[in-house]
Structure formats: C-alpha cells, structure tokens
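See below for the structure under consideration.
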Amino acid sequence: MSNLSNGAEQAISKHQKLTRLKFLRRIMFMIIGSALVSVALEIFLVPNNIIDGGIVGISIILSHLSHFPLGIFLVLLNLPFLLIGYKQIGKTFALSTLFSVILMSIGTTMLHPVQAFTIDPLLAAVFGGIILGIGVGLVIRSGGSLDGTEIVAILFSKKSPFSVGEIVMFINFFILGSAGFVFGWDHAMYSLIAYYIAFKMIDITIEGLDQSKSVWIISDEYSKIGDSITSRLGRGVTYLNGEGAFTGDDKKVIFSVITRLEEAKLKSIVDELDPKAFLAIGNIHDVKGGRFKKKDIH
C-alpha cells in the first residue's frame with residue numbers, strides 16, 4: 001500500500017514539474033515576444049510614422065495626436081476588450097494577454113528615448129514588420145495575444161454573417177486608411193507593407209519553417225507506396241478503409257504526416273509507383289503525439 005502511495009506521489013510530483021516547466025516556458029516566450037514587439041514599435045515603426053493594425057495602430061495614432069506615451073494607450077484600449085471578452089476567450093487567455101500587453105507597454109516606455117535605427121521608411125517598414133511579426137507570433141504560441149481586435153471580431157461574428165478574419169481585415173483596413181490622414185498617404189502605404197510582412201512572419205513563427213503537412217493517398221499500390229514512405233522517408237503511415245462513392249469498391253487510403261521539405265520526395269515516390277494515384281496534401285498547424293518523430297533511414 002505504501003509503495004503504491006509513493007508511486008502515486010512520484011507521478012504527481014513529476015506531473016507538477018512538467019506543468020511548471022511549461023508554465024515557465026510560456027512566460028519566457030511572452031517576455032521575449034513582448035520585448036521584440038516593443039523594439040519593432042519604438043526603434044523602427046513609430047519614429048518613422050508607420051503604424052500596425054488593430055489596437056496597436058490606434059494607440060500609435062492617438063499617441064501622435066495627444067503626445068501622451070504609447071504605452072498608456074496600449075493598456076487602456078486593450079483593457080475594455082479583455083473585460084468584455086472574458087467569458088468568450090477564457091481566464092487563461094485573458095490573463096496571458098493582459099500580462100503580454102503590460103510587458104509591451106513597459107517595453108515601449110523604456111525604449112521611447114532610444115534613437116531609431118534607421119530613418120529610411122522602407123527599411124523601417126521591412127525590419128519593423130519582421131521583428132513585430134516574430135514577437136506577436138511568440139506571444140500567440142504561448143497562448144496569449146497583444147491586440148483586442150480579435151476579441152471584438154469574435155463578438156461581432158456571432159451576430160453577423162462575416163467571419164472573424166473578415167471583420168479583422170475590415171477593422172485594420174479602416175485603421176491603416178486613417179494613417180493616411182494623420183501621417184500622409186506615403187506613410188500609410190509603408191504601414192501596409194509593414195502590416196503585410198508582420199502578418200506573414202506571424203504565420204512562420206506559429207507554424208515554423210519546417211511546416212508539417214498531412215498526406216492522403218488512394219492507390220491500388222498502397223502497400224508498395226506505404227513501404228516506400230516508411231523506408232525512404234522514414235515516416236510512419238496508417239492505412240484507412242474507404243469506399244468509392246461511384247463504384248462502391250473498397251479502397252485503402254494511406255495517411256501520413258511529413259514536413260514541407262519532404263513534399264517533393266513524397267510526390268516522386270508516388271509518381272514512380274503509381275502515376276494515376278490520388279494524392280492530397282494539406283498544411284497542419286501543429287502535430288502532437290503518435291509516432292511523428294522521424295525514423296532513421298539506413
């Protein structure tokens with residue numbers, strides 16, 4: 001009985017350590033992400049009158065017009081949306097977002113006296129967008145956010161025919177357009193460049209450069225193709241039972257998960273063994289569990 005109790009205590013202790021490690025890892029990424037966003041804003045974008053979308057963009061405009069510190073508006077404008085969307089997004093997400101926004105606010109305040117790295121608006125838009133996107137992506141990967149626009153979009157999407165993405169796009173289009181009246185239309189166009197680059201960098205940061213892809217293959221040569229994927233790519237495969245809708249014939253469907261760099265090799269394997277095989281490849285944002293770890297190829 002005591003041995004069983006000790007074993008249970010050890011398991012609980014181990015679980016708590018893993019949970020604490022994940023928690024510290026999230027905190028670390030939130031701090032790094034918020035710091036990068038602060039650098040992008042105060043060292044590149046704001047000094048060159050270039051804005052981002054969402055609450056950050058509105059804060060930059062209001063800070064420019066009122067001459068109050070940017071950090072004040074970042075907190076004040078995000079706070080109401082966090083309170084309104086508390087039930088929609090959950091306690092963990094709300095606290096993570098609040099923590100990240102406060103860090104970003106502190107970072108922008110501390111970096112405000114620092115001189116801009118460049119006065120070339122194009123360089124500022126490109127490098128500011130890259131750093132901003134990486135920072136936001138790290139915060140999102142950690143379970144938080146730096147902008148209340150998404151919360152607004154979630155609330156409006158439930159009572160309108162528009163999706164969250166469409167509402168966010170409309171809001172940002174309006175904000176970036178407003179920059180033309182405040183900073184001039186050339187700076188509004190630079191802002192659009194920075195926003196686009198940041199948007200792409202967020203995707204890369206969240207999904208990673210080594211993006212995973214799901215593969216679905218239907219072929220009469222399923223056994224040969226499956227064996228080749230395992231032996232030549234080092235990836236595991238799963239055979240699923242399917243049925244043709246038109247013919248009613250039983251079909252074997254091969255399912256596997258590969259990386260973006262292995263896509264060309266997989267296509268050549270399928271084309272070599274069965275040029276008429278049906279092949280579908282899709283992007284996957286995250287892979288966990290199972291036997292996704294690559295096997296050694298001899």
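For segment 277-298, the set of residues classified as open to solvent by 100 Å² or more (accessible area, probe 1.4 Å) and either at pLDDT 90 or above or touching a helix residue (DSSP H, G or I) at 6+ places or on another chain (Cβ under 7 Å) (or both) consists of Phe278, His285, listed by residue number. Restricting attention to segment 65-74, the residues that are surrounded by fewer than 18 Cβ atoms within 10 Å (Cβ to Cβ) and touching a residue at least 24 places away in the same chain (Cβ under 8 Å) total 3. Residues of segment 101-118 include at least one that is under 19 Å from Phe29 (Cα atoms), surrounded by fewer than 20 Cβ atoms within 10 Å (Cβ to Cβ) and modelled with pLDDT of 85 or more.
The numbered conditions (1) within 16 Å of the chain's Cα centre (by Cα); (2) assigned to a helix (DSSP H, G or I) are all true for Leu146 except (2).
The values are calculated or read from the model by the stated rules, or taken from the named source; none is laboratory data. Quantities reported herein were computed from a predicted structural model and do not represent experimental measurements. Neighbour counts run over all protein chains shown; Cβ positions are idealised from the backbone, glycine included. Ligands, DNA and RNA are stripped out before the accessible areas are found, and what is left, the full protein with its side chains, is counted by its heavy atoms. Shrake-Rupley method; radii C 1.70, N 1.55, O 1.52, S 1.80 Å.
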